[in-house]
Each structure stands twice: as C-alpha cells, then as structure tokens.
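The values are calculated or read from the model by the stated rules, or taken from the named source; none is laboratory data. Small disclaimer: the values here were computed from a predicted structure and weren't measured. All Cβ positions, glycine included, derive from the backbone under ideal geometry; neighbour counts span all protein chains shown.
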Amino acid sequence: MRFDIVTIFPEFFGVLDVSLLGKARRDGVLELGVHDLRQWTHDRHRTVDDTPYGGGAGMVMKPEPWGEAFDALLGPDEDAAGTSDAVVVFTTPAGTPFTQSLARELAAERRIVFACGRYEGIDARVVEHVATRARVLEVSLGDYVLNGGEVAAMAMIEAIGRLVPGVVGNPESLVEESHESGLLEHPSYTKPRVWRGLEVPGVLHGGNHAAVAAWRREQALERTRRVRPDLLPDGDGAERTASRQP
Ligand code: ADE
C-alpha cells in the first residue's frame, strides 16, 4: 500500500521512519511519498495562502498549488481517463470523524493521498475539483482544532498502516483491541502477580480459558458503559445480550 502526503511541513513526517511503520517501509510493505506543496508555487515567496473572499480573520490556502499537486499525483487533468484509483483524504476539523471502521476500510485501498490543510483551510473548489477525478473524503481526527492537518494525517496513517497485512507481526494482536469489537478493551496485566500490594485478578491465573474470556468481556462492557456509553447500541441492551450467549 502507498501513502502520499501533500503538506507545507514535510519534516513532520520524519517520525514515520521509526517503529513498526518504519520497518514496514524498509520491508517494502508500505510505501510513503511526502511532497512539499511549495514545489508547486511559482512566485519568489512560494506563497500558498491568501486572504478569504467575504472577509474574516486568517488566511485560506490558494487553489493553484493544490491543483498542480493533484495533477502530479493523480495524473494531469486533461489526460485523466475516468477517475484515479487513489483515495484522497483531506484532513479537516470540518470532516467526518475518523474511526476504527474507516481505518479498516481504508487499509484495503491500494493508495491514499493525504492533503494537509493549514490556516483556515483550503479553497473549497479544490475538494470539488479533485472529487471529479478520485474518491474524496474529508476526515477529522476528532472534535478539536489542531494547527493543521499534519498530526491528523500521521495518526490516520498509523491507524490504517498497522491494519495492512504484514505490518504488525502477530495479526491476532489486532483482534482484541479497543474499538475492534465495538467495545473498549479490557484491562491487561503482566508479572509480578502482586505489585505494591495490588494483585492481578485471580481469574487470570486460574487456567480457565472460558472464565478468562467471560471476565474480559464483562470488563470491556463495564469500562465501555462507564467511559463511553455512546459506543453501546440503545443504552447497551444488545451488547449485554450478546455477552450472555455461549
Ligand atoms: N486540522 C485541524 N484540526 C484538525 C482535526 N481535528 N482533524 C483533522 N484535521 C485537522
């Protein structure tokens, strides 16, 4: 799978060299192209922003460099035979929320191009135009405002990338995680059995696998009810029924 990123801060993405994603790149499982938007400017100051039509505070990213960036990454407009097979993700606080299920869906794609906005965002015609050439998503990392889309893109790349086969060594470790089952993950413990007077719950070292599974499920439900009741369907009735089934 290939990720392309268009940004005015390419240096942000150096961290994708480390850890599991870095290894996946070295192994050829993931490819990454980081592109400086300013290479598609033509003035002395390499300008990427301008004042907003209609007035107001802040600056808006100009459409021209973005248009050239997408011509370079998706193929020139006039040559575009139908639509590109890349998915284009615009990171924006005004987008649909990024979720584990969207990460899973995007992990099955061949190529994703991330467009990282800054300032008050990108001229709205850019999304409209790119949507004629590729599948476009406007995605928010969460209900808060970052200084730009770079950190959001990085978080999305990590969440998507680790779901690509071959990136995480033991794929079973992906199955029991928070959000994969629709619930938050159960608490985990390791040795020693007693630490600073605190004991690991007895069921976890009793050797009864069915009892461990039931305990974990109950803990996941309890934590979800307490911390994230919004994740449970209809006040959690359906989940509780499911947990009682053999
Ligand atoms: N850019 C600024 N804030 C953002 C957010 N919450 N998600 C995605 N991109 C952003």
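Against the conditions (1) modelled with pLDDT of 95 or more; (2) surrounded by 20 or more Cβ atoms within 10 Å (Cβ to Cβ), GLU64 satisfies every one except (2).
Selection of the range 120-172 for residues being away from the ligand (no atom under 16 Å from the Cβ), among the polar types (S, T, N, Q) and assigned by the TED database to the domain that holds LEU20 yields only THR132.
In the list LEU74, LEU16, LEU20, LEU37, which residue meets the criterion of being touching a strand residue (DSSP E or B) at 6+ places or on another chain (Cβ under 7 Å), in contact (Cβ under 8 Å) with a residue 40 or more places away in the chain and not basic (Lys, Arg)? Result of the check over LEU74, LEU16, LEU20, LEU37: LEU16. Reported count of residues in the range 190-238, each being outside any helix (DSSP H, G or I) and surrounded by 11 or more Cβ atoms within 10 Å (Cβ to Cβ), is 9.
Checked across the range 85-106, the condition of being over 18 Å from PRO63 (Cβ atoms), modelled with pLDDT under 95 and more than 16 Å from the ligand (Cβ to nearest atom) holds for at least one residue. Is it fair to say LEU32 is over 30 Å from SER181 (Cα atoms), more than 16 Å from the ligand (Cβ to nearest atom) and surrounded by 17 or more Cβ atoms within 10 Å (Cβ to Cβ)? So LEU32 fails the test.
State all residues of the range 94-116 that are part of a helix (DSSP H, G or I) and surrounded by fewer than 14 Cβ atoms within 10 Å (Cβ to Cβ); if no residue qualifies, say none. Hit for the range 94-116 is SER101, nothing else. Taking the criterion of being under 16 Å from the mean Cα position of the chain (by Cα) and under 21 Å from VAL88 (Cα atoms), the residues of the range 8-30 that qualify are PHE12, PHE13, LEU16, LEU21, LEU30. Here GLY182 passes the criteria (1) outside the structural domain of GLU105 (by the TED database); (2) modelled with pLDDT of 95 or more; (3) surrounded by fewer than 20 Cβ atoms within 10 Å (Cβ to Cβ) except the one numbered (2).
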